[in-house]
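Q: Let me give you the structure first, and then I'll get to my questions.
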Amino acid sequence: MDLNPADILLCEFYFSDLKTSKHRPVTVFKDNLPFDDFVGIPVSSQITQLHKDEFILEPSDLASGIAQTLKGHGWQTFVISRRVIVKSMASCQRIDSSDCVRTFVASSDAVNP
């Protein structure tokens with residue numbers, strides 16, 4: 001699967017017992033890591049309060065897949081194995097996906113000067 005910055009994916013994350021897991025959405029931040037990994041940012045539909053280094057993803061920012069406003073937790077980036085990707089949920093509307101990531105990062109800076 002080709003990944004682009006700002007794509008939203010559903011990934012399977014295991015608990016510490018390695019027996020149970022949950023599916024959680026993440027936004028791709030960077031995909032050129034070795035060992036089939038990428039840097040992801042957790043995404044949530046809980047948008048009632050915007051904290052430092054969090055940004056809003058409006059449905060109009062995305063080309064397809066999600067009709068709900070989401071919040072990205074920019075302060076919580078982490079490396080994710082491609083093996084835990086369950087499915088692609090949405091893609092960035094912009095042609096230049098790196099521009100899309102810059103927009104999301106800039107929106108975080110604007111909220112939290």
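Every read-out reported here was derived from the displayed coordinates using simple, explicitly stated rules and does not represent laboratory data. This is a predicted model, so every value here is computed, not measured. Reconstructed Cβ throughout: ideal geometry from the backbone, glycine too, with neighbour counts over all protein chains shown.
Q: Roughly speaking, what is the stretch gain from residue 14 to residue 51, that is 0.36 nm per residue apart minus the C-alpha to C-alpha distance, in nm to one decimal?
A: Separation in residues times 0.36 nm, less the Cα-Cα distance, equals 10.7 nm.
Q: Same structure again: For the stretch 34-51, in order, what is each residue's ³J(HN,Hα) by Karplus, 6.51 cos²θ - 1.76 cosθ + 1.60 with θ = phi - 60°, in whole Hz (x at glycine and Pro)?
A: x, 6, 6, 10, 9, 8, x, 10, x, 10, 9, 8, 7, 10, 5, 9, 9, 9
Q: So, one more: Quick one: if you stick a label point 7 Å off each Cα along the C-beta vector at residue 64 and residue 78, how many nm between them?
A: 3.0 nm
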